[in-house]
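Asks: Right, I'll just put the structure down here and ask away after.
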Amino acid sequence: MNIVIEGKSIEIAAGSSCAEAFKAALSGKAFKACVAARAGEDLLDLSSPVPSAVLDGHQSLSPVTLDSPEGLELLRHSTAHVMACAVQRLFPKTKVTIGPAIDKGFYYDFDAVRPFSVEDFPAIETEMRHIAKAALPFARREVSKEEAIRFFEAKGESYKVEIIREIEADTVSLYELAEFTDLCRGPHLPHSGFVKAAKLLSVAGAYWRGNEKNKMLSRIYGTAFADEADLQKYLHQLEEARRRDHRKLGRELDLFDFHEDVAPGMVFWHPKGMLVRTILEDFLRKEHLKRGYELVQGPQLLRRELWEKSGHYDNYRENMYFTEIEGDAYGVKPMNCLSHMLIYGRTLRSYRELPVRYAELGVVHRHEMSGVLHGLLRVRQFTQDDAHIICRPDQLEDEIIGVISLVRDLFNLFGFNYRLGVATRPEKYIGTPEAWERATTALIKALERLDLPFVINEGDGAFYGPKIDGRVTDSLDREWQCSTIQCDFTLPERFDLCYIGQDGERHRPVMVHRAILGSLERFIGILIEHCAGAFPVWLAPVQARIVTVTERHDETALRARDFLQRQGLRAEADLRNEKLGYKVRAAQLEKIPYVLVIGDKELESGEVNIRLRGGETLGSMSLEATAARILADSDQPFTQGGMHYRFS
RNA sequence: GCCCACGUAGCUCAGUCGGCAGAGCGCGUCCUUGGUAAGGACGAGGUCAGCAGUUCAAUCCUGCUCGUGGGCUCCA
């Protein structure tokens with residue numbers, strides 16, 4: 001029979017394995033790097049026979065190499081088996097459960113006599129190396145369900161038995177690695193010799209099947225790469241991510257901190273962090289005014305009755321804080337929408353007034369479980385860049401376009417990767433299917449008109465309306481939700497919002513809740529990690545530091561500082577009795593974008609010597625030219641003209 | 001809440017197999033007046049997270065409490 005592999009037509013005997021086919025088609029080197037076969041969508045063991053779909057020409061057969069994404073997944077899954085084999089050799093009473101490959105590695109969940117700890121890693125890793133060195137084959141065997149159940153029952157592997165009972169097919173596949181046999185769909189590497197660069201990373205408790213009512217298992221996380229160099233590269237990346245951790249940088253750069261003993265999950269902003277925040281807030285306010293929003297602000301506390309009316313008391317009570325004033329119950333706001341609606345509803349509105357866009361940098365409190373608090377990224381008190389747009393149904397699509405444009409512009413400004421998703425109607429919902437349909441269509445059409453990529457998250461919408469979510473990725477590759485754009489059918493109804501239409505009748509407006517950066521706290525946390533603490537010049541708390549060589553230069557330095565401040569720059573002078581190198585180093589560690597050196601030469605010429613954050617020195621320039629350069633550096637792409645933050 | 005690890009000076013971390021608590025950075029004073037990532041000397045600074053237990057003696061061993069970090073919906 002003839003089949004084509006990598007553009008090469010070869011003759012194979014009936015019943016040949018994929019390995020035999022590749023051996024005939026590939027060079028020795030290419031064949032050696034090959035660990036599995038791909039036929040259509042399916043991955044196959046090299047030892048499995050060439051599928052009939054390939055033989056009759058419906059599918060092509062291609063080799064999978066160890067360093068390809070599929071190859072790495074196989075490697076990691078196989079490494080999980082190697083680890084399980086090692087664990088059972090060292091801890092014979094341990095029961096195995098499941099052990100999949102995950103994004104950057106693998107894990108295996110064990111039911112162990114005692115939970116594993118990192119102290120056990122050296123022994124396990126040594127045993128894994130033995131298994132790898134022996135280059136033992138992964139042998140696939142298909143057996144009936146009954147036989148598999150008998151097999152695992154005999155070994156006391158109750159979790160495997162439980163899994164097999166739930167499998168619908170008549171037969172299951174087993175993989176044997178030395179004496180360790182695991183129920184597994186496969187495929188696997190040809191043999192354990194490919195596991196050359198593996199490392200165990202951490203232990204964790206994990207519930208059987210993720211359900212907290214089940215027994216807690218002991219999970220070991222690890223990773224594996226095609227070779228040692230790739231593994232080391234990955235470990236360095238993890239190191240780099242830890243180096244950029246916003247909690248670490250927040251302390252080192254003196255931006256913010258926490259006092260867990262008195263206010264867990266709530267931020268204390270230090271002067272420099274507060275300055276960054278203030279600049280960001282000012283920028284956001286101006287940008288919103290430019291885009292037709294009006295700024296409003298409502299109270300922090302609202303009577304409980306109002307939260308009952310909105311439905312928050314029924315649906316969100318556990319996450320709210322309550323207090324009592326003169327015998328009346330008040331709730332601390334977890335959201336800003338109620339005040340905005342009260343402001344809208346105060347007078348009768350004409351259709352000509354719409355859309356109304358109320359924006360507020362609103363401080364909200366939400367009671368989060370103590371276990372999930374995480375630096376600035378998950379807190380209990382935070383500030384949303386919130387706004388509510390109240391508009392006519394025919395205005396919805398254009399309004400959504402305006403909001404998404406703002407999302408796009410802001411994330412592009414900061415250089416973030418982001419993904420947009422449209423969440424559609426869930427099983428439990430309120431409002432009519434027609435209204436849902438109309439709003440969902442408006443969201444999708446707006447995205448299409450802006451030509452932005454998005455995914456549909458079926459059934460992920462809030463019960464009160466469809467939404468668009470914007471997620472950005474942090475330096476650890478974690479995804480955080482920032483933007484949200486939600487259509488709301490409930491609240492306008494519950495609060496009886498209306499406008500008088502052209503026909504003189506009352507009509508129900510549509511309300512859009514939206515936040516772009518989401519929470520300023522979270523956003524700043526992500527931003528710190530993104531830029532490793534080196535803020536863009538327009539946000540840097542100190543833009544320029546003047547460094548003197550000796551105290552002879554102090555007076556000139558202070559005059560220069562005052563000049564730069566009058567130009568609207570955030571400048572300061574370091575007059576400490578230290579050597580120049582020491583002060584330059586300090587400024588560098590503080591990630592100040594411009595260091596301006598003044599010594600005898602500069603005293604003479606009336607200029608300053610400029611050193612950039614990256615270490616480059618630019619030579620000397622007049623103060624005027626220096627100020628102009630820094631100001632130009634702090635301009636924004638879509639906010640030309642006076643958007644820098646100035647001291648006044 | 002549960003699993004693992006951790007909690008020592010403002011920060012980063014040593015340390016004692018139970019016997020007066022250590023370093024570097026930072027901070028203060030003094031000397032030094034220097035040219036682009038650390039000049040020198042001296043000094044201040046600690047209830048070794050908290051509580052209880054074992055012990056002649058506990059920062060160290062045991063238990064509990066509090067807090068921090070990682071993980072707990074990636075499914076044979």
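The values are calculated or read from the model by the stated rules, or taken from the named source; none is laboratory data. What you see is a predicted model, and the numbers here were worked out from it, not measured in a lab. For neighbour counting, all protein chains shown are included, and Cβ atoms are generated from backbone atoms with ideal geometry for every residue, glycine included. The accessibility values were calculated without ligands, DNA or RNA, using every heavy atom of the protein model including side chains. Shrake-Rupley method; radii C 1.70, N 1.55, O 1.52, S 1.80 Å.
Asks: Considering only protein heavy atoms, what is the solvent-accessible area of A:GLU368 at a probe of 1.4 Å, reported in Å² to the nearest 10?
Replies: 30
Asks: Could you sort A:379-390, A:312-323 so that the peptide with the highest average Cβ count within 10 Å comes first and the rest follow in order? Kindly include the intermediate steps, with their values, before the conclusion.
Replies: Details: A:379-390: 23.2, A:312-323: 14.2.
By packing density, highest mean first, the sequence is A:379-390, A:312-323.
Asks: If you take all C-alpha pairs in segment A:76-223, what percent of them are over 21 Å apart?
Replies: 40
Asks: Compute the normalised compactness of segment A:403-504: alpha-carbon radius of gyration over 2.2 N^0.38 Å, N being the residue count.
Replies: Against the compact-globule rule of thumb, the ratio is 1.22.
Asks: Taking 0.36 nm per residue of sequence separation and subtracting the Cα-Cα distance, how much length would be gained by fully extending the chain between A:GLU70 and A:GLU260, in nm to one decimal?
Replies: 64.0 nm
Asks: Pop out the carbon and sulfur fraction of the accessible area of segment A:94-135 as a percent, whole number, probe 1.4 Å.
Replies: Carbon and sulfur atoms account for 59 percent of the accessible area of segment A:94-135.
Asks: Within 12 Å, Cβ to Cβ, of A:PRO51, how many net charges do the neighbouring residues add up to if Lys/Arg are +1 and Asp/Glu are -1?
Replies: -3
Asks: Run the numbers for A:GLU616 and A:THR473: contour at 0.36 nm per residue of separation, minus the present Cα-Cα distance, in nm.
Replies: The A:GLU616-A:THR473 span can extend by a further 48.5 nm.
Asks: Rounded to the nearest percent, how much of the accessible area of segment A:262-306 (1.4 Å probe, protein heavy atoms only) is carbon and sulfur? It would help to have the intermediate numbers written out before the result.
Replies: Values: 1370 of 2310 Å².
Solvent-exposed carbon and sulfur of segment A:262-306 make up 59 percent of the total.
Asks: Among A:208-215, A:86-93, A:573-580, A:547-554, how do they line up by average Cβ neighbours within 10 Å per residue, starting with the highest?
Replies: Top to bottom by mean Cβ count within 10 Å: A:547-554, A:86-93, A:573-580, A:208-215.
Asks: I want to verify the translational diffusion coefficient of segment A:295-339 in µm²/s; compute it with Stokes-Einstein, Rh as the Kirkwood radius over Cα pairs, at 20 °C and 1.002 mPa s.
Replies: Translational diffusion coefficient: 200 µm²/s.
Asks: So what's the convex hull volume per residue for the Cα atoms of segment A:173-295, in Å³?
Replies: Per-residue hull volume (Cα only) is 284 Å³.
Asks: Sticking with this one: Could you work out [θ]222 nm for chain A from helices alone, using -39500 (n - 2.57) per DSSP H run of at least four and dividing by all its residues? Round to the nearest 500 deg cm²/dmol.
Replies: -10500 deg cm²/dmol
Asks: Label points 7 Å out from Cα along the Cβ direction at A:ARG494 and A:GLU179: separation in nm?
Replies: The answer from the label model is 6.3 nm.
Asks: Then there is this: FRET efficiency for A:ARG576 and A:SER605, Cβ-Cβ distance as r, R0 = 25 Å, nearest 0.05?
Replies: For R0 = 25 Å, the calculated efficiency reads 0.55.
Asks: Related question: In whole Å, how far is the Cα centre of segment A:1-26 from that of segment A:224-253?
Replies: Value for the Cα centre distance between the two parts: 43 Å.
Asks: Run the 1.4 Å probe and let me know the accessible area of A:SER17, rounded to the nearest 10 Å².
Replies: 20
Asks: Within a Cβ distance under 11 Å of A:ALA329, other residues only, what is the Lys/Arg minus Asp/Glu net charge?
Replies: -3
Asks: Moving on to the next point. May I ask you to give the average projected area over all directions of the convex hull of the Cα atoms of segment A:141-207, in nm² rounded to one decimal?
Replies: Mean projected area for segment A:141-207: 6.1 nm², to one decimal.
Asks: Still on this structure, please answer the following. I want to check the label-to-label distance for A:GLU427 and A:ASP562. Put each point 7 Å from Cα in the C-beta direction and report it in nm to one decimal.
Replies: 7.2
Asks: Taking the Cα centre of each part, how many Å lie between segment A:483-526 and segment A:76-113?
Replies: Result: 49 Å between the Cα centres.
Asks: List the equivalent ellipsoid semi-axes of segment A:239-293 in whole Å, largest first, each obtained as the square root of 5λ for an eigenvalue λ of the Cα gyration tensor.
Replies: 27, 16, 10
Asks: Output the direction-averaged projected area (hull surface divided by four) of the convex hull of the alpha-carbon atoms of segment A:377-446, in nm².
Replies: Spelled out: convex hull of the Cα atoms, projected over all directions, averaged, 6.7 nm².
Asks: Sticking with this structure for a sec: On a 23 Å Cα-Cα criterion, which of the cross-link pairs A:LYS272/A:LYS601; A:LYS93/A:LYS160; A:LYS29/A:LYS233; A:LYS93/A:LYS133; A:LYS160/A:LYS213 come out too long? Let's see the in-between values first.
Replies: Working: A:LYS272/A:LYS601 32 Å; A:LYS93/A:LYS160 15 Å; A:LYS29/A:LYS233 25 Å; A:LYS93/A:LYS133 25 Å; A:LYS160/A:LYS213 19 Å.
Among A:LYS272/A:LYS601; A:LYS93/A:LYS160; A:LYS29/A:LYS233; A:LYS93/A:LYS133; A:LYS160/A:LYS213, the Cα-Cα distance tops 23 Å for A:LYS272/A:LYS601; A:LYS29/A:LYS233; A:LYS93/A:LYS133.
Asks: A further question on this structure: Considering only the other residues whose Cβ falls under 11 Å of the Cβ of A:ARG251, what net charge follows from Lys and Arg at +1 and Asp and Glu at -1? Kindly include the intermediate steps, with their values, before the conclusion.
Replies: On the way: positive: A:ARG247, A:LYS248; negative: A:ASP245, A:GLU252, A:ASP254, A:ASP257.
Charge balance near A:ARG251 sits at -2.
Asks: Can you tell me the accessible area per residue over chain A, all protein chains present, probe 1.4 angstrom, in square angstrom?
Replies: 48
Asks: Report, in order of residue number, the helices in chain A meeting two criteria: a C-alpha extent of 24 Å or more along the helix axis, and a mean Kyte-Doolittle hydropathy of at least -0.5; treat each whole DSSP H run as one helix.
Replies: A:69-90, A:271-290, A:396-414
Asks: Please work out the FRET efficiency for the pair A:PHE268 and A:ARG552, using the Cβ-Cβ distance as r and a Förster radius of 35 Å; give the result to the nearest 0.05.
Replies: Given R0 = 35 Å and the Cβ-Cβ separation, E is 0.30.
Asks: Per residue, how big is the convex hull around the C-alpha atoms of segment A:497-648? Give it to me in cubic angstrom, could you? Walk me through the numbers on the way to the answer.
Replies: Details: hull volume 24.2 nm³, N = 152.
Looking at segment A:497-648, the number lands at 159 Å³ per residue.
Asks: Also, I was wondering about something else. Counting residues in segment A:536-618 as N, plug N into 2.2 N^0.38 Å and put the Cα Rg over that result. Don't jump to the answer; show the numbers that get you there.
Replies: Working: Rg = 11.7 Å, N = 83, 2.2 N^0.38 = 11.8 Å.
That ratio works out to 0.99.
Asks: Counting only C-alpha contacts under 8 Å and six or more residues apart, can you give the relative contact order of segment A:1-48 as a whole percent?
Replies: 30
Asks: Here's a follow-up. When the Karplus curve 6.51 cos²θ - 1.76 cosθ + 1.60 is applied with θ = phi - 60°, which whole-Hz ³J(HN,Hα) does each residue of segment A:419-425 get, with x for Gly and Pro?
Replies: Here the 3J(HN,Hα) series is 10, 10, x, 9, 9, 9, 4 Hz.
Asks: I've got another one for you. Dipole of chain A, Cα-centred, from +1 at each Lys and Arg C-beta and -1 at each Asp and Glu C-beta, to the nearest 20 debye?
Replies: Numbers: 84 positive and 96 negative charges, 176 e Å.
I would put it at about 840 debye.
Asks: Using 0.36 nm per residue of separation minus the Cα-Cα distance, give me the extension gain between A:VAL4 and A:GLU142 in nm, one decimal.
Replies: 46.8 nm
Asks: On the principal axes of its Cα set, how long, how wide and how thick is chain A? Give whole Å, largest value first.
Replies: Principal-axis extents of the Cα atoms in chain A, largest first: 83, 78, 56 Å.
Asks: At 7 Å along Cα-to-Cβ for each site, give me the label-to-label distance between A:ARG438 and A:ASP230 in nm.
Replies: In this crude spin-label approximation the distance works out to 5.4 nm.
Asks: Principal axes first, then extents: for the Cα atoms of segment A:8-137, list largest minus smallest coordinate on each axis, whole Å, largest first.
Replies: 55, 26, 26
Asks: Put one equal scatterer on each alpha carbon of segment A:318-453, apply the Debye formula with no solvent term, and list log10 I(q)/I(0) at q = 0.13, 0.17, 0.18 1/Å to two decimals.
Replies: Summing over Cα pairs of segment A:318-453 leads to -0.84, -1.30, -1.36.
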